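Values in this text are rule-based calculations from the coordinates and carry no lab data. Bear in mind the structure is a predicted one, so any value in this text is a computation, not a measurement. In this analysis, Cβ positions are derived from the backbone assuming ideal geometry, glycine residues included, and neighbour counts consider all displayed protein chains.
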């Protein structure tokens with residue numbers, strides 16, 4: 001069940017990334033983020049009473065809020081790094097750190113996958129890097145260092161989100177995700193209200209942004225459920241294969257070619273998931 005839930009989460013994260021990326025090409029990032037965060041909050045607000053207790057514990061909401069803050073740091077660092085620095089470093093590094101950190105945490109708390117699953121995990125780690133790979137070169141050492149820094153911070157933010165949200169009680173249902181999304185929504189509103197950014201969206205972008213936000217929240221839900229049915233190590237590494245559906249969707253809808261590194265990443269991901277499923 002953990003593998004299936006993680007695969008659904010990875011697919012939905014990939015769909016959300018593809019949709020959100022399409023929306024941000026024509027609009028300011030924080031304007032799109034406002035709609036995605038609002039849509040996600042609405043989804044979890046409607047779903048939470050249906051799949052969990054009527055009233056969540058304060059501690060679980062706090063875990064969710066802390067996870068949301070780290071998730072926002074991850075997104076902000078990733079966007080800033082991709083916009084100003086070397087994508088070929090920022091993107092795969094953020095994906096790798098975001099997967100390895102919670103996997104290492106799972107090992108520290110005593111999780112022990114089977115031998116076959118460990119081989120599958122070993123295949124998934126390079127697959128994540130290859131799937132997130134973007135062409136880009138620079139000879140500027142300062143820019144290289146900055147790229148590593150942004151990728152590292154983004155990965156720590158994403159990994160921190162996975163770890164903290166997994167610490168919530170199973171009895172809390174998905175209420176912690178409301179705390180997470182409320183935190184990021186407040187941050188985005190504050191940026192739009194007091195910063196230089198102003199809310200502005202091109203025609204036709206609203207529906208895409210709302211869809212991306214709903215898909216992202218559903219991905220969070222399936223990830224949270226995956227961590228409660230099995231090992232955090234497996235849930236995180238399989239979920240972190242989300243660039244695969246993004247690559248496939250870009251090929252189908254935008255005609256983008258799948259590069260050799262990404263094709264190799266997809267092949268490794270399929271092999272890794274198959275081995276994990278045999279455990």
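Worth pointing out:
- Square roots of 5 times each gyration tensor eigenvalue, C-alpha, the range 58-129, largest first, Å: 25, 22, 6
- Alpha-carbon centroids, the range 58-75 and the range 169-210: separation in whole Å: 13 Å
- If you take the alpha carbon atoms of the range 186-254 and fit the smallest convex hull around them, that volume is 139 Å³ per residue.
- Using distinct alpha-carbon pairs, which all enter the 1/r mean, Kirkwood radius of the range 16-81 in Å: 13.7 Å
- Fully extended contour minus Cα-Cα distance, from residue 229 to residue 254, at 0.36 nm per residue: 5.4 nm
- The range 2-277, relative contact order [Cα under 8 Å, separation at least 6], %: 44 percent
- Compared with the direct C-alpha span, the chain from residue 189 to residue 143 gains 13.5 nm at full extension, assuming 0.36 nm per residue.
- Within the listed set 230, 120, 255, the Gaussian network model of the chain (springs between alpha-carbon atoms below 10 Å) gives the highest mean-square fluctuation for 255.
- Multiplying the residue separation of residue 200 and residue 4 by 0.36 nm and subtracting their alpha-carbon distance yields 66.7 nm.
- 222 nm mean residue ellipticity, helices alone, for the chain (DSSP H n ≥ 4; -39,500 (n - 2.57); rounded to 500): -27500 deg cm²/dmol
- When the alpha carbon gyration tensor of the range 2-277 is reduced to an equivalent ellipsoid, the three semi-axes, largest first, read 25, 25, 17 Å.
- Among 182, 47, 67: highest mean-square fluctuation, GNM of the chain, C-alpha pairs under 10 Å: 47
- Paired Rg and Dmax values of the range 162-279, which use every Cα atom, in angstrom: 17.9, 52
- For the range 1-45, the percent of C-alpha pairs falling in each 5 Å distance bin, counted from 0 to the bin holding the largest distance, reads 5, 20, 20, 24, 16, 9, 5, 1.
- Which of 166, 9, 200 has the fewest Cβ neighbours within 10 Å, and the rest in rising order: 200, 166, 9
- Highest mobility in the GNM of the chain, judged by mean-square fluctuation with C-alpha springs under 10 Å and restricted to 252, 191, 208, is found for 252.
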